[in-house]
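The values are calculated or read from the model by the stated rules, or taken from the named source; none is laboratory data. None of the values given here were measured: they were computed from a predicted structure. Don't worry about glycine lacking a Cβ; one is built from the backbone with ideal geometry, like all the others, and counts go over all protein chains shown. Ligands, DNA and RNA are excluded from the accessible area calculation, which covers all protein heavy atoms including side chains. Shrake-Rupley method; radii C 1.70, N 1.55, O 1.52, S 1.80 Å.
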Amino acid sequence: MNQSIIASPGRGLRVLDLAVTGLRFLLIAGTALAAPLLVLAAFGAGSTYVSGVLDAPYTLTFEDGRAVSVAGEAMTYENFRITEDSHTLDSVPTITASLRVPDSDVDTRVVVITMFACWLAAAWLGLVNLRRLVRSARNVRPFASENPGRLRWLAAAVLSVPIVTLLGNAIIARTSDLDVPFSVSVDRGGWLIQVVIGVGLLALAEVFAEAVRLREFEEATI
Amino acid sequence: MPIIVSLDSVLEERGMTLTELSEAVGITLANLSILKTGKAKAVRFSTLEAICQVLDCQPGDILGFEE
């Protein structure tokens, strides 16, 4: 292919390259902050937190003597003056809390630290491959033979996040020593969109693999 | 590959080098080498036409099929 007649890469790629560079600096800064904290937490210093959802049945008692009792989907108001104009809760509230993992609960602490370390590693894996992908496109080689592999690694990085979260939360639910009626987990919402994006990236990798095959065929066509 | 390229023998018969052929048909020497060594995956009709015109031959003189 005569590269001298190909226009320079479009503005979109230049902007994307800048954005990826910005992400890289953000991740470097984030890693510089997070890594020492993770190491400290691994040695028992600092605090580790998990999210908790209060399990029913429970009763919320207020200082004025009023109380709300929740059992399953049913709610009971005690000492409330409920009239026709009263506005009460339409549905059972979800009570969440940020709970500090006790120093003695080593298992849970290890799992939480491992989860954060895995997420950080996934972010780096994704970013390194994304940067190489964008750079190859900027060097007029969008269908370089390495790019389908880079997309697959990017997909793996994205898909690993909900998998690590699911596994980690399943382990924490068993290992947690907290003697309070909370369902504990490390909160990482939006798992469905992560799976959709990960699978989308895998599909894109196969499209790129086909494009590489076509490019190689075209280059060997005289 | 089942398609056999016999460009060498035709060039020898015509007393022409690969470089002279590439200059005559306007295809780079590198691409003609790919064709000659059987590494090409496809040949355009326009390329075949140009080669056959210069070498005064038929496509069958330079391309063969062998299972």
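Numerical summary
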read-out	value
Test: residue in segment B:41-52 that is open to solvent by less than 80 Å² (accessible area, probe 1.4 Å), more than 22 Å from A:E216 (Cβ to Cβ) and within 10 Å of chain A (Cβ to nearest Cβ)	yes
Any hit, segment A:46-56, residues being free of Cβ contacts under 8 Å to residues at least 24 places away in the same chain and farther than 30 Å from A:L18 by Cα	yes
Filter result for A:V161 (open to solvent by less than 70 Å² (accessible area, probe 1.4 Å), within 13 Å of the chain's Cα centre (by Cα), at pLDDT 90 or above and more than 14 Å from every other protein chain (Cβ to nearest Cβ))	yes
Failed item in (1) surrounded by fewer than 19 Cβ atoms within 10 Å (Cβ to Cβ); (2) among the hydrophobic types (A, V, I, L, M, F, W, C); (3) in contact (Cβ under 8 Å) with a residue 12 or more places away in the chain, with A:A203 passing the rest	(3)
Filtered residues of segment A:173-222 (kept if more than 14 Å from chain B (Cβ to nearest Cβ), among the aromatic types (F, W, Y), more than 13 Å from the chain's Cα centre (by Cα) and in a helix (DSSP H, G or I))	A:F208
Verdict on B:D8 being more than 10 Å from chain A (Cβ to nearest Cβ), within 16 Å of A:I222 (Cβ to Cβ), in contact (Cβ under 8 Å) with a residue 24 or more places away in the chain and of a type outside the set (A, V, I, L, M, F, W, C)	yes
Close pairs (8 angstrom Cβ cut-off, 6 or more residues apart or separate chains): within 25 Å of A:S104 (Cβ to Cβ) in segment A:17-43, among the aliphatic types (A, V, I, L, M) and open to solvent by 70 Å² or more (accessible area, probe 1.4 Å) anywhere	A:A42/A:V110
Meets criteria (open to solvent by less than 40 Å² (accessible area, probe 1.4 Å) and touching a helix residue (DSSP H, G or I) at 6+ places or on another chain (Cβ under 7 Å)) for A:A137	yes
Residue selected from segment A:104-118 under the condition in a helix (DSSP H, G or I) and open to solvent by less than 30 Å² (accessible area, probe 1.4 Å), by the criterion farthest from A:F43 (Cα to Cα)	A:M115
Flag if A:R152 is open to solvent by 30 Å² or more (accessible area, probe 1.4 Å) and under 27 Å from the mean Cα position of the chain (by Cα)	yes
Selection status of A:A56, closer than 16 Å to A:P181 by Cα, in contact with a Gly (Cβ under 7 Å, 6 or more places away or on another chain) and part of a loop (DSSP other than H, G, I, E, B)	yes
Members of segment B:6-15 found to be touching a helix residue (DSSP H, G or I) at 6+ places or on another chain (Cβ under 8 Å) and either open to solvent by 50 Å² or more (accessible area, probe 1.4 Å) or hydroxyl-bearing (S, T, Y) (or both), listed by number	B:S6, B:D8, B:R14
A:A170 being of a type in the set (A, V, I, L, M, F, W, C), more than 14 Å from chain B (Cβ to nearest Cβ) and over 30 Å from B:I27 (Cα atoms)	yes
Failed item, numbered, when A:W191 is tested on (1) of a type outside the set (V, I, T); (2) in contact (Cβ under 8 Å) with a residue 24 or more places away in the chain; (3) over 24 Å from A:T114 (Cβ atoms)	(3)
Evaluation of B:G15 against (1) away from chain A (no Cβ under 13 Å); (2) under 24 Å from A:E216 (Cβ atoms) (one fails), failing number	(2)
